[in-house]
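> Provided herewith is a single structure, encoded as structure tokens, for subsequent inquiry.
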């Protein structure tokens, strides 16, 4: 199991690192947006001294988590459910 994990880690490290311009093209957003999200810590990146690079696999993984509806789970609020049953206080 440890060998498989190590192999996956090595494969991930060997994936090509992207520049902000390439990530912007990939996501169809302005390069300034990529840089702003990087500074805010909301976009996964690798710090190489003063340079920021982006692991392609990490960017795609992050993107999957951004799909609308996946992170939102509908949970009715207690008051609303109670009011809908006719028991408003």
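The values are calculated or read from the model by the stated rules, or taken from the named source; none is laboratory data. In this text, all values refer to a predicted model and were calculated from it rather than measured experimentally. Every residue, glycine among them, receives a Cβ derived from its backbone with ideal geometry; neighbour counts consider all protein chains shown.
> Looking only at region 39-56, which residues are closer than 16 Å to residue 15 by Cα and outside any helix (DSSP H, G or I)? Before the answer, list the steps.
Residues of region 39-56 closer than 16 Å to residue 15 by Cα: 44-48, 52-56.
Answer for region 39-56, where residues must be closer than 16 Å to residue 15 by Cα and outside any helix (DSSP H, G or I): 44, 45, 46, 47, 48, 52, 53, 54, 55.
> Quickly run through region 4-27 and pick out the residues that are in a helix (DSSP H, G or I) and at pLDDT below 75. Don't jump to the end; show me each part of the working.
Within region 4-27, the first condition is being in a helix (DSSP H, G or I), and the residues that meet it are 4-14, 20-27.
Scanning region 4-27 gives 4, 5, 6, 7, 8, 9, 10, 11, 12, 13, 14.
> Of all residues in region 45-65, how many are under 16 Å from residue 24 (Cβ atoms), touching a residue at least 24 places away in the same chain (Cβ under 8 Å) and either loosely packed, with under 15 Cβ neighbours inside 10 Å or over 14 Å from the mean Cα position of the chain (by Cα) (or both)?
So the answer is 3.
> Please list, ordered by first then second residue, the pairs with beta carbon atoms under 6 Å, 6 or more apart or interchain, first in region 24-38 and more than 14 Å from residue 63 (Cβ to Cβ), second in a helix (DSSP H, G or I) and modelled with pLDDT of 95 or more.
31/20; 31/21; 31/24; 35/20
> If you check residue 42 against the conditions, is it under 18 Å from the mean Cα position of the chain (by Cα) and modelled with pLDDT under 65?
No; evaluated as a whole, the condition is false for this residue.
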